[in-house]
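K.L.:
Let me begin by handing over the structure; questions about it come next.
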Amino acid sequence: MKPELKLVSAQTPPAAITVTDFSAAYGDVNVIKNISLSVPEKSVTCLLGPSGSGKSTLLRSLNRINDDVAGFTTKGDIHIGESCVHKGFTDVTRLRAKAGMVFQTPCVFPGSIAANVLFGLKGRKLSKIEKAQITEQSLRAAALWKDVSHRLSAPASTLSVGQQQRLCIARALAVTPDILLLDEPTASVDPVSAREIETLIKTLSKDYTIIMVTHDVRQAGRVADRAIFLCDGEVIEQGPRDHMFSKAALPKTRTYLLEEFCDC
Ligand SMILES: Nc1ncnc2c1ncn2[C@@H]1O[C@H](COP(=O)(O)OP(=O)(O)OP(=O)(O)O)[C@@H](O)[C@H]1O
Ligand SMILES: [Mg+2]
């Protein structure tokens, strides 16, 4: 039998996530309207758009966190690599380990800094040495090791808000995901911590596929490799950052990204 041919351009990295004809609704209110998009692996894709345009809903659909919301329904297809997120993952825990999520407000659990890092590995049999290694690796990857190596057993709540957000990133990294879904990860931290997290996101994108929602258009200009502009549940335009922030972009995209205004 003739093998299926896949055309992949030399410049375009393979897609880590492919969304096809995807719609989502809360009850009978359709908030994502038949969108298609793709996210290349090992890069930062910023999701931009006005409040209520469906950015968080889309992000939360990618690892099916919204499955737990009463009345939430979807149509269409989302693939992570070769696997359909709906049909390919009977165990959503496995999907959520593959595509870890970090929320706008740092969500640290009661317990120590180390316990927070290891939270997602509770079911696994790990020796003390393995736990210590994973804790150190994850905190180093999240650029937090130097700040906390001397107080791993201190309560996580004693960290600053910026440090707590990096701890949440360390916790997501500990379960060895391929994808990080970040919903306004710097919205609740000060500008200096925000820049540190931006630098961290850029560094992590060498090894992970990152999708980040942000309202900060200038931040997207600094960290995005690609941008997707969503408005009223529709993808208006998507493409490489330089295209999206240039005069070549569609007028509506330009108005939002360059003038920070949307008339929808
Ligand atoms: N649990 C829910 N139940 C009902 N409607 C919801 C729910 N969550 C979100 N919505 C609605 O879905 C639409 C999209 O919301 P979503 O949170 O995805 O937008 P967003 O682009 O992330 O906005 P923001 O930038 O303000 O965070 C909004 O109209 C919102 O009110
Ligand atoms: Mg949101």
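K.L.:
Being farther than 23 Å from Ile197 by Cα, touching a residue at least 24 places away in the same chain (Cβ under 8 Å) and surrounded by 13 or more Cβ atoms within 10 Å (Cβ to Cβ) is true for just one of Leu118, Leu58, Leu95. Which residue is that?
P.N.:
On inspection, the qualifying residue turns out to be Leu95.
K.L.:
Specify the residue that is nearest to Leu258 (Cα to Cα); the eligible residues are those in the stretch 12-49 that are surrounded by 18 or more Cβ atoms within 10 Å (Cβ to Cβ) and within 9 Å of ligand 1 (Cβ to nearest atom).
P.N.:
Of everything passing the filter in the stretch 12-49, Gly49 is nearest to Leu258 (Cα to Cα).
K.L.:
Another one. Take the stretch 199-247 and flag every residue that is among the aromatic types (Phe, Trp, Tyr) and under 25 Å from Pro177 (Cα atoms).
P.N.:
Narrowing the stretch 199-247 to residues among the aromatic types (Phe, Trp, Tyr): 208, 229, 245.
Tyr208, the sole residue that qualifies.
K.L.:
Given the condition surrounded by 22 or more Cβ atoms within 10 Å (Cβ to Cβ) and either within 16 Å of ligand 2 (Cβ to nearest atom) or touching a residue at least 60 places away in the same chain (Cβ under 8 Å) (or both), answer yes or no: does some residue in the stretch 238-254 qualify?
P.N.:
Within the stretch 238-254, not a single residue is surrounded by 22 or more Cβ atoms within 10 Å (Cβ to Cβ) and either within 16 Å of ligand 2 (Cβ to nearest atom) or touching a residue at least 60 places away in the same chain (Cβ under 8 Å) (or both).
K.L.:
Determine whether Thr158 is at positive phi and either surrounded by fewer than 24 Cβ atoms within 10 Å (Cβ to Cβ) or polar (S, T, N, Q) (or both).
P.N.:
Here the answer is no, as Thr158 does not meet what is asked.
K.L.:
Name the residues in the stretch 210-233 that are in contact with an Asp or Glu (Cβ under 7 Å, 6 or more places away or on another chain), farther than 20 Å from Ile35 by Cα and outside any helix (DSSP H, G or I), would you?
P.N.:
Here is the first cut: in the stretch 210-233, the ones in contact with an Asp or Glu (Cβ under 7 Å, 6 or more places away or on another chain) are 213-215, 217, 219, 222-223, 229.
Going one step further and asking which of them are farther than 20 Å from Ile35 by Cα, we end up with 215, 217, 219, 222-223.
If the condition is that a residue be in contact with an Asp or Glu (Cβ under 7 Å, 6 or more places away or on another chain), farther than 20 Å from Ile35 by Cα and outside any helix (DSSP H, G or I), then His215 is the only one that fits.
Throughout, read-outs are computed from the coordinates displayed, never taken from laboratory work. A quick note: this is a predicted structure, and the numbers were derived from the prediction, not measured. All Cβ positions, glycine included, derive from the backbone under ideal geometry; neighbour counts span all protein chains shown.
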